[in-house]
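Below is one structure, written out as structure tokens; comments come after it.
The values are calculated or read from the model by the stated rules, or taken from the named source; none is laboratory data. Model, not experiment: these values are computed from the prediction. Here the Cβ is made from the backbone with ideal geometry for all residues, glycine too, and neighbour counts use every protein chain on show.
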Amino acid sequence: MDIKKEVIELIGDPSLVEEINFEVSNIIIYTKNRNFFLNSSELIKSMVAKEKKRIEVRLDPSLLMDEKDAEKEINKLVSKEADLKESWFDRERSIVSLEAVRPEIITANNKKIINGIREKTGWSVILSRYPLIKSDIVRAIREMLYANSKFRRKLLNSIGEKIYNSKFEVNEKYWVRLSALGGFRHVGRSSMLVQTPLSTIMLDAGVDVANTKEPVPRIDAPEFDVSKLDAVVITHSHLDHCGFLPALYKYGYRGPVYSTLPTRDVMTLLHLDYISLGNRTNSKMLFDVADIKEMLKYSIPLAYHEVTDIAPDIRVTLHNAGHILGSAMIHLNIGDGFYNLLYTGDFKYANSKTLNRADNLFDRVEALIMESTYGGDQNREPSREEAEQFFLDIITKTTEKNGKVLVPVLGVGRAQELMLLIEEWERYGLMPDIPVIIDGMLWDVTAIYTAYPEFMNTETRRRIIEHNNNPFMSPNFKHIVSEEERKQILSGGPAVILATSGMLNGGPAVSYFANLCEEERNSVVLVSYQGPGTLGRNIKNGAREVDMELNGKIRHFNINALVYSIEGFSGHSDRTQLERYVNDIKPRPKKIILDHGEESKIIELANFIRRRYRIETLAPHILDAIRLK
Ligand SMILES: [Zn+2]
């Protein structure tokens, strides 16, 4: 039966229902009956239990209190301590989004405030956190989504209609198929298709930033047709997983993209940065700002563990991946339990300063698609403690020599992890009293980190939320943006400089490197994966002379600075952690498919898993397709 009719039948009185709308697979009931709006929670609870869907009752927009008056009422009800900064009213959906420095104050006390606002104003409340470091990007995204609320309401409903109104049957003709479009036997441009007779879902849409010849996924594969793509799900905001996404909209894709909130915000920032870098070098761009905006209009945030239908026969759940803020493992339940697949994306199976280790417990998993960046037999990391001590020693010794420490980092992930580490050393008096430079875009990403502490590890989250003490706000962190400021840093005393990019193939890190590498007293510390052919990989492998562009001219440099590589800070699981993950994941998968690793490493890891666990382990090539069932 039609689900909307079913809901009306369960309510028992059709006159209570003005309209039923879908928000993806959630069911929203709009009513003109205030009593029903305020007192239907028990009925809704029983309906949720029966339908296994989220159901919410909202007051019909025509009965909502005027925005100005509602704002006054809200300000009366919300205590000063919560520090409410903004209220965004979305009349189309009868919801007001409250942005506060401490939203937990509003949710405390058994939702008394939220219910009070419903009662007084008719508006349903959602909460978000006002970032402690001002973030233009977070604000611009939130503004844009509200400006498009009419469109969004229609979009969310039409996705729901499609999910609920297509019938499917799992019979002997039903199948599940995986196609490798990028990032197999390779690191970069991660992307794959999962297909059933009814649906086509893309998991990740990355670019290979270190490869200008073949930077994008193989969308020339016969099974890819942009007009038949039903949904895209993104694991995390690194460009090798999401850098191709706006280009899909350029090619005409007009469907939803699912990710966590931090992933949505950070990836937008990285997309904009990617364009601005491209424009400077005049290279042909994959997409422009209009495509990024289009992508945002179709973005749908999901929380960890929130189960959502994204196609008539596919249900998605995101799980913590422990890699960077908001990074997710994608679990797909296909064909109503017919087949379950887990794609790890990049993941860390160990706790870090910023994040909890990746989830390993699931209801069902038949196939595991696992990253293998550090899957080689030799890829055993030193312990985290050793890595930290080594890094602190480098900083201390370099400071004593009056030198500077350059740490090239990816914009998101390691930078914030190292910031928390340095802040801890400062608190314990271990860190030399020198400035810590956070260059350019890293600061904007850190601002987004301050908007989403609920995605961080237990201890850091508690410190921020319960104790109102945000480690990213340490006064020793110096944010700099201009060339003038960079010159001052270079001519000044000792400093730790965190700058992008992590492989020294672009970004301000390159010009810092050019300015610092010839002097013996300085140090360069590599903490990220270094792709073949990049400057980072060359100096990691011991190159002592390089040719580089500085101020538009190619120059020859002798590298006299000390170059270190510390593996212990990686956001990826090392070989030991990958093995442990295969051992610990529950239930044990029947099939393991390895991706996101150089060929030799993938083969070594596949051999190990087959031998040790006797699980069928595949290492597909790009353009391979595998029938999963
Ligand atoms: Zn990553």
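Give me the residue from the range 387-427 that is modelled with pLDDT of 95 or more and part of a loop (DSSP other than H, G, I, E, B) and, out of that set, nearest to the ligand (Cβ to nearest atom). By that ranking, first place goes to Lys404. Within the bounds of the range 311-318, is there any residue that is within 29 Å of Phe569 (Cβ to Cβ) and within 16 Å of the ligand (Cβ to nearest atom)? Yes; the residues of the range 311-318 include at least one that is within 29 Å of Phe569 (Cβ to Cβ) and within 16 Å of the ligand (Cβ to nearest atom). Can you pull out every residue in the range 333-360 that is in contact with a Ser or Thr (Cβ under 8 Å, 6 or more places away or on another chain), outside any loop (DSSP other than H, G, I, E, B) and more than 14 Å from the ligand (Cβ to nearest atom)? Those that are in contact with a Ser or Thr (Cβ under 8 Å, 6 or more places away or on another chain), outside any loop (DSSP other than H, G, I, E, B) and more than 14 Å from the ligand (Cβ to nearest atom): Asn333, Ile334. For the range 155-201, a residue qualifies if it is part of a strand (DSSP E or B) and either closer than 19 Å to Thr235 by Cβ or modelled with pLDDT under 95 (or both), and the qualifying residues are Leu178, Ser179, Ala180, Leu181, Gly182, Ser191, Met192, Leu193, Val194, Gln195, Thr200, Ile201. Counting only strands (runs of 3 or more DSSP E) that sit wholly inside the range 543-629, those with at least 1 residues that are within 16 Å of the ligand (Cβ to nearest atom), outside the structural domain of Ala415 (by TED's automatic domain parsing) and crowded, with 21+ Cβ neighbours inside 10 Å are 591-595.
Scanning for something within 26 Å of Arg627 (Cα to Cα), part of a helix (DSSP H, G or I) and over 21 Å from the mean Cα position of the chain (by Cα), does the range 218-227 turn up at least one residue?
Looking only at the range 218-227, we keep the residues that are within 26 Å of Arg627 (Cα to Cα), and these are 218-227.
Okay, now just the ones that are also part of a helix (DSSP H, G or I), so 226-227.
Next, only the ones that are over 21 Å from the mean Cα position of the chain (by Cα) stay: 226-227.
Within the range 218-227 (the criterion being within 26 Å of Arg627 (Cα to Cα), part of a helix (DSSP H, G or I) and over 21 Å from the mean Cα position of the chain (by Cα)), the answer is yes, since at least one residue qualifies.
Filter the range 233-264 down to the residues that are under 11 Å from the mean Cα position of the chain (by Cα), assigned to a helix (DSSP H, G or I) and within 16 Å of the ligand (Cβ to nearest atom) and list them by number. Please lay out each step first, then the result.
Within the range 233-264, the first condition is being under 11 Å from the mean Cα position of the chain (by Cα), and the residues that meet it are 233-239, 241-242, 258-264.
Now restrict to residues that are assigned to a helix (DSSP H, G or I): 239, 241-242, 261-264.
Correct list: Leu239, His241, Cys242, Pro262, Thr263, Arg264.
Taking the criterion of being over 26 Å from the mean Cα position of the chain (by Cα) and acidic (Asp, Glu), the residues of the range 92-127 that qualify are Glu92, Glu119. Looking across the range 433-451, the residues that are touching a Phe, Trp or Tyr at 6+ places or on another chain (Cβ under 7 Å) and assigned to a helix (DSSP H, G or I) come down to Thr446, Tyr449, Thr450. In summary, Glu518 fulfils each of the numbered conditions (1) at pLDDT 95 or above; (2) within 21 Å of Asn211 (Cα to Cα) with the single exception of condition (2). Restricting the first member to the range 507-533 and to residues that are assigned by TED's automatic domain parsing to the domain that holds Asn211, and the second to residues that are among the hydroxyl-bearing types (Ser, Thr, Tyr), no beta-carbon pair is closer than 7 Å while six or more apart or on different chains. Considering each residue of the range 116-137, count those that are out of contact with any strand residue (DSSP E or B) (no Cβ under 9 Å at 6 or more places or on another chain) and assigned to a helix (DSSP H, G or I), and give that number. Selection size over the range 116-137: 5.
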